[in-house]
């Protein structure tokens, strides 16, 4: 068990990540004096990543995971071995900036109902733009589709200071996620069955169902390379997009809503598949079909996870559902048909953090 000297553990999950550590670990270590310990969790790398970190960064603690079962399982195994008040789950391909940590820590210390939060995430390759994996905070529409401030579907906004505020969101990015360690473990942590996509949304939803807040802190800035493990637009990412989104709904949504939402989602996902088919993207169409098949094949497992989640929340944490961050319309309709490409076009103002 690693017991942190500071109250915060920055835990970097790494798989064959030497090139990212060469680029980004020095700055992370340089900023550690602001109040955190740095830990690299090596997710069964097949190269010399672990030795490189141990030889070149002696102040960094390390955790070794024997078998790589994906991103979610890597953190699931690593965080069981780390004792701290707060965890920051930081992907290896993130660059931090000077002063990135204090605003996040202050937000968590200021409000005990804030279970998790994220910084502003910009794109490393186009540094004036927001990045896909979290941007300026994550939201969900009334039909279970996810989107971000600063990034709706394929449109990335430039950061012009329009999202420098601190607000409640529905989910915070798993690429740079601050979470209270005690609450993380009480609601069951990351679901390792999700493998590598939307696992942070699932965790945030459980925390929201327990009555807690999820936040975005606009004065903290980090940069994300993106697509270094599962590339954007790949069939693998498409598969997890569709399969895991259905899993999230079954595990966390109100039962009364699922009665009409699941049949509708079957139709909507079918329309998405037909659209890809008519544009000649046959592999992507098959990927959506496979995602649905695998979801229904394992329906019993996901229903059990739903029951397990409800027990954890009701018995130890429940303060009533917190539904801040749910957009009451269809983001698909507003984006594709009404041409609302930016978050500000939606005419919806999220709630400020206290």
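Listed values, structure above:
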{"read-out": "Failed item, numbered, when residue 52 is tested on (1) in a strand (DSSP E or B); (2) in contact with a helix residue (DSSP H, G or I) (Cβ under 6 Å, 6 or more places away or on another chain)", "value": "(1)"}
{"read-out": "Test: residue in the stretch 71-92 that is in contact with a strand residue (DSSP E or B) (Cβ under 8 Å, 6 or more places away or on another chain), surrounded by 15 or more Cβ atoms within 10 Å (Cβ to Cβ) and farther than 20 Å from residue 179 by Cα", "value": "no"}
{"read-out": "Test for residue 280: is it more than 22 Å from residue 152 (Cβ to Cβ) and either in contact with a helix residue (DSSP H, G or I) (Cβ under 7 Å, 6 or more places away or on another chain) or assigned to a loop (DSSP other than H, G, I, E, B) (or both)", "value": "yes"}
{"read-out": "Contacts under 8 angstrom Cβ, first residue in the stretch 228-245 being more than 19 Å from residue 295 (Cα to Cα), partner at pLDDT below 80, 6 or more apart", "value": "229/196; 230/196"}
{"read-out": "Any hit, the stretch 343-353, residues being without any contact (Cβ under 8 Å) to a residue 12 or more places away in the chain, closer than 20 Å to residue 142 by Cβ and not in a helix (DSSP H, G or I)", "value": "yes"}
{"read-out": "Yes/no for residue 46 being more than 15 Å from residue 14 (Cβ to Cβ), in a loop (DSSP other than H, G, I, E, B) and either touching a residue at least 24 places away in the same chain (Cβ under 8 Å) or within 22 Å of the chain's Cα centre (by Cα) (or both)", "value": "no"}
{"read-out": "Qualifying residue in the stretch 208-218 (condition: crowded, with 24+ Cβ neighbours inside 10 Å, in contact with a helix residue (DSSP H, G or I) (Cβ under 7 Å, 6 or more places away or on another chain), at pLDDT below 95 and assigned to a helix (DSSP H, G or I))", "value": "yes"}
{"read-out": "Odd one out for residue 112, checked against (1) without any contact (Cβ under 8 Å) to a residue 24 or more places away in the chain; (2) more than 24 Å from residue 252 (Cα to Cα)", "value": "(2)"}
{"read-out": "Residues that are out of contact with any helix residue (DSSP H, G or I) (no Cβ under 7 Å at 6 or more places or on another chain) and surrounded by fewer than 23 Cβ atoms within 10 Å (Cβ to Cβ), drawn from the stretch 147-161", "value": "154, 155, 156, 157, 158, 159, 160, 161"}
{"read-out": "Filter result for residue 345 (surrounded by fewer than 16 Cβ atoms within 10 Å (Cβ to Cβ), closer than 18 Å to residue 147 by Cβ and more than 23 Å from the chain's Cα centre (by Cα))", "value": "yes"}
{"read-out": "Answer residue from the stretch 280-296, given it is closer than 16 Å to residue 234 by Cα and free of Cβ contacts under 8 Å to residues at least 40 places away in the same chain and is surrounded by the most Cβ atoms within 10 Å (Cβ to Cβ) among those", "value": "285"}
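Yes/no per residue for (1) part of a strand (DSSP E or B); (2) in contact (Cβ under 8 Å) with a residue 60 or more places away in the chain:
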| residue | (1), (2) |
| --- | --- |
| 68 | no, no |
| 88 | yes, yes |
| 108 | no, yes |
| 116 | yes, yes |
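The values are calculated or read from the model by the stated rules, or taken from the named source; none is laboratory data. These figures come from a predicted structure and were not determined experimentally. Every residue, glycine among them, receives a Cβ derived from its backbone with ideal geometry; neighbour counts consider all protein chains shown.
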